[in-house]
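For reference, the structure is listed below as structure tokens.
Nothing in this text is a laboratory measurement; each read-out follows from the coordinates by a stated rule. Keep in mind it's a predicted model, so treat the numbers as computed, not measured. Using ideal geometry, Cβ is built from the backbone for each residue, glycine included, and neighbour counts are taken over all protein chains shown.
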Amino acid sequence: MFQTFFWAFVVGGLICVVGQIMFDVFKLTPGHTLSSLVVAGAILDGFGLYEPLIDFAGAGATIPITSFGNSLVHGALQEAEKHGIIGVLTGMFEVTSSGISAAIIFGFIGALLFKPKG
Amino acid sequence: MLEGQSTWIFENKPVIISTATVGGPFEANGNISDDFDILHEDLWLEQESYEKAHKVLFEEAFTKAIEKANLTKEQIQFILAGDLINQITPSSFAARTVGSPYLGLFGACSTSMEGLAIGAYITNYGGADYILTGAASHNAAVEKQFRYPTEYGGQKPPTAQWTVTGAGAAIIGKIGNGPQVTSATIGRVVDMGLSDPFNMGGAMAPAAVDTIMAHLRDRHINPSYYDLIVTGDLGQIGHEVSIDLMKEKGLNINETNYQDCGLMIYRKDQPVLAGASGAGCSATVVYGHLLNRMKQGEFKKILVVATGALLSPLSFQQKESIPCIAHAVSIEYGGE
């Protein structure tokens, strides 16, 4: 069990280090950093490399934003196999819908509890 | 009278007859909280938006300054004010409240001294008996406009500075008791090609140095003429860069008499990274803290060099560099 935690910590941490370097060294904006990591996750999954990373590091690979890119591509490929071209669209939404819904619902609750104007 | 390239000497020595400073919660916890006239516990100032709170900061500073000078609103002939918000609405809306004729200024964080310089010039030549001038900034309103929305919580590098929530106002009179405005040097726009909005101090330092050198050259004086030369909001990094630049240009400045408002307003343990910034920074520190120290006899002659970064959120997004400016005004009290 300790091993699982250890590798989740190391891999998750390394992904964050990459993000921090993009931010501090290459002076990317938070928006650019975020979307670059999403794209990186998507590309990795396109080559079939992200699933093995999840098997190895668990939450260390599923929690960082790269996992969102992975889910998009993963869902699209999965459904494309079953339903052809239309599955590319539905698949993307299917796998990522829980994440997006959670963002909307918790965002809504947050806005009710606090003053959302910045 | 014009002296040299860009310096006005005010022979009639207009007087700063009263000042008022207003601050927010972060300033109340800071280093010079005793020097504020009004402090607020809450950033919202009981308003619906930060922009409205920003306007209230200004209104309170204006009202307090008029009250401390024992004047009425009707006696204020002109208002010269500015801030950092789009179209300087907090200044204009606060000027609407006072009701006097108004000239809106934009010099970013150099606005405080831009206003004092122009106000002193007008008063010196008999253009007015009383002029109200001031500058203000509100941390959340300004950060939202220039950086990222506050609730977004974007990370900041250690070179970033903390925008002051505060307003400083002064009334310049033809005659009266108080510190006198003796000269002013108008700065030019200096752009060294820096484009990182999280390192404004570094970008502004060359402008500050340019104006200080111009002032000393025009008036044929040494830095030691002043008991204190103080820049507006260079912060830790900008302050060091400016000292290096002056050394490079052969100007040896005594580092104990060369300070920065952005390094005075907060305590060392407040999480402000490289220091304070914002139009309200030099306005509150000079019109509150520094004039108080002058009145206590600590300084007789000071030179205030307010520094401003003349960028807009749009120009930064379009990857333009940050042009900067600095205006210097000399204030004397209790001298010969």
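The table that follows gives values for the structure above.
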| quantity | calculated |
| --- | --- |
| Pair list, Cβ under 7 Å, 6 or more apart: the stretch B:241-270 residue touching a residue at least 12 places away in the same chain (Cβ under 8 Å) and under 22 Å from residue B:109 (Cβ atoms), other residue among the acidic types (Asp, Glu) and outside any loop (DSSP other than H, G, I, E, B) | B:243/B:255; B:265/B:27 |
| Subset tally (residues that are in contact (Cβ under 8 Å) with a residue 40 or more places away in the chain and at positive phi) for the stretch A:29-63 | 1 |
| Residue within the stretch A:42-65 that is over 28 Å from residue A:3 (Cα atoms), in a helix (DSSP H, G or I), in contact with a Gly (Cβ under 8 Å, 6 or more places away or on another chain) and among the β-branched types (Val, Ile, Thr) present | no |
| Segments classed as helices (runs of 4 or more DSSP H), wholly inside the stretch B:249-336, with at least 3 members that are in contact with a Ser or Thr (Cβ under 6 Å, 6 or more places away or on another chain) | B:279-284 |
| Inter-residue pairs, beta-carbon under 6 Å, first more than 14 Å from chain A (Cβ to nearest Cβ) and under 28 Å from residue B:147 (Cα atoms) and in the stretch B:176-202, second part of a strand (DSSP E or B) and aliphatic (A, V, I, L, M), 6+ apart | B:187/B:325; B:187/B:326; B:189/B:325; B:200/B:309 |
| Sole exception among (1) in contact (Cβ under 8 Å) with a residue 40 or more places away in the chain; (2) within 22 Å of residue B:107 (Cα to Cα); (3) outside any loop (DSSP other than H, G, I, E, B) for residue B:143, by number | (1) |
| Residues located in the stretch B:76-111, provided they are within 16 Å of residue B:15 (Cα to Cα) and part of a helix (DSSP H, G or I) | none |
| Hits in the stretch A:6-48 (condition: β-branched (Val, Ile, Thr), within 14 Å of chain B (Cβ to nearest Cβ) and either farther than 30 Å from residue B:159 by Cβ or surrounded by 16 or more Cβ atoms within 10 Å (Cβ to Cβ) (or both)) | A:33 |
| Counted residues, the stretch B:16-43 - those being over 21 Å from residue B:70 (Cβ atoms) and out of contact with any His (no Cβ under 6 Å at 6 or more places or on another chain) | 15 |
| Residue that is nearest to the other protein chains (Cβ to nearest Cβ), among those in the stretch B:132-153 that are farther than 18 Å from residue B:316 by Cβ and aliphatic (A, V, I, L, M) | B:140 |
| Per-region count, the stretch B:154-172, residues among the small types (Gly, Ala, Ser), within 14 Å of chain A (Cβ to nearest Cβ) and farther than 18 Å from residue A:22 by Cα | 0 |
| Conditions (1) over 27 Å from residue B:241 (Cα atoms); (2) assigned to a strand (DSSP E or B); (3) in contact with a His (Cβ under 7 Å, 6 or more places away or on another chain); number of the one not met by residue B:136 | (1) |
| The lone exception for residue B:127 - which of (1) more than 14 Å from chain A (Cβ to nearest Cβ); (2) touching a residue at least 60 places away in the same chain (Cβ under 8 Å) it fails | (2) |
